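To keep things clear, I will list the structure first and then write my remarks on it.
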Amino acid sequence: MSTTGYAYALSFARHKEQAKLYNKNHEFVNENHEFVNENHDFVNENHDFVNENHDFVNENHDFVNENHDFGDDSLYIYV
């Protein structure tokens, strides 16, 4: 093989190896995007849970306030 032929073969081999690395990098990036999307889904589900919890707390506060109002009314002696 001539020097030029060897240089071309070496260049092709390097190019092929770079293409493999490039593809592996893309696979890694795609997997990372999938992980980020799953994380966003989890965060959204957590926000939904937090909102439901806030609703429950607000309902509990309403109940407590109604109970206090009833308690206040029962302190009066009606004649």
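The values are calculated or read from the model by the stated rules, or taken from the named source; none is laboratory data. In this text the structure is predicted, and so the values were computed from the model without any measurement. Note: accessible area is taken over every heavy atom of the protein model, side chains too, but ligands, DNA and RNA are not part of it. Shrake-Rupley method; radii C 1.70, N 1.55, O 1.52, S 1.80 Å.
Got a number for residues in the range 1-36 being open to solvent by 100 Å² or more (accessible area, probe 1.4 Å) and small (G, A, S)?
Count: 0.
Quickly run through the range 37-53 and pick out the residues that are open to solvent by less than 100 Å² (accessible area, probe 1.4 Å) and more than 18 Å from the chain's Cα centre (by Cα).
N53
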